[in-house]
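Undergrad: One structure follows; several queries about it will come next.
Values in this text are rule-based calculations from the coordinates and carry no lab data. Source: prediction; values computed, not measured. No Cβ is skipped: glycine too gets one built from the backbone with ideal geometry, and neighbour counts run over all protein chains shown.
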Amino acid sequence: MRRISVFPGEMFGDLQVICEMANKGKRKFQCKCYCGTQVEVRLDHLRSGHTTSCGSCGISHAGKQMTVKQWAEAYGLNESTLRARLKVMSIGEALERSLRS
């Protein structure tokens, strides 16, 4: 099987690849989020879109910036429910939907 090429500077969502990490097993890369946080991410998660940010920079909506967990708590939602909704709609739509329920 051919090795997948990933280059420093390549972008996956809000993550920019810095370098490949030396380890055994799954390939991992050191990435820098647009907020400045550095994270280690598996190659398959980068390529599939499973991981697109550091996870701690949050989501902006209505002039506020909070993490998915904080948004879920503020609107009385289960965090996994909100994450599932965010895959198919914007944060505004997902939160509005929770108010209608």
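Undergrad: Work out the length of the dipole vector of the chain about its Cα centre, built from +1 on the beta-carbon of each Lys and Arg and -1 on the beta-carbon of each Asp and Glu, and round it to the nearest 20 debye.
TA: In debye, rounded to 20, the chain gives about 400.
Undergrad: Which of the trypsin sites (Lys or Arg not before Pro) across the range 1-100 are loop residues per DSSP, with 15 or fewer other Cβ within 10 Å?
TA: Qualifying residues, ordered by number: Arg2, Arg3, Lys24, Lys26, Arg27, Lys87.
Undergrad: Mean-square fluctuation check for the chain, GNM, Cα pairs under 10 Å: which of Val88, Val39, Val68 is largest?
TA: With Cα springs under 10 Å in the chain, the top fluctuation among Val88, Val39, Val68 is at Val88.
Undergrad: Given labels modelled 7 Å from the Cα in the Cβ direction, how far is it in nm from Lys69 to Met21?
TA: The answer from the label model is 1.9 nm.
Undergrad: A further question follows. Label-point separation (nm) for Ser56 and Val6, each offset 7 Å from Cα along Cα-to-Cβ?
TA: 2.0 nm
Undergrad: Kindly express, to the nearest 10 degrees and within the range 0 to 90, the angle between helix 91-100's C-alpha long axis and the longest C-alpha principal axis of the chain.
TA: Its long axis makes an angle of about 30 degrees.
Undergrad: Here's something else I'd like to know. Please list, by residue number, everything in the range 16-36 whose backbone N is under 11 Å from a paramagnetic label point 7 Å out along Cα→Cβ of Asp44.
TA: So the set is 26-27.
Undergrad: How high is the relative contact order of the range 59-100? Use alpha-carbon pairs under 8 Å, at least six apart in sequence, and give a whole percent.
TA: 34 percent
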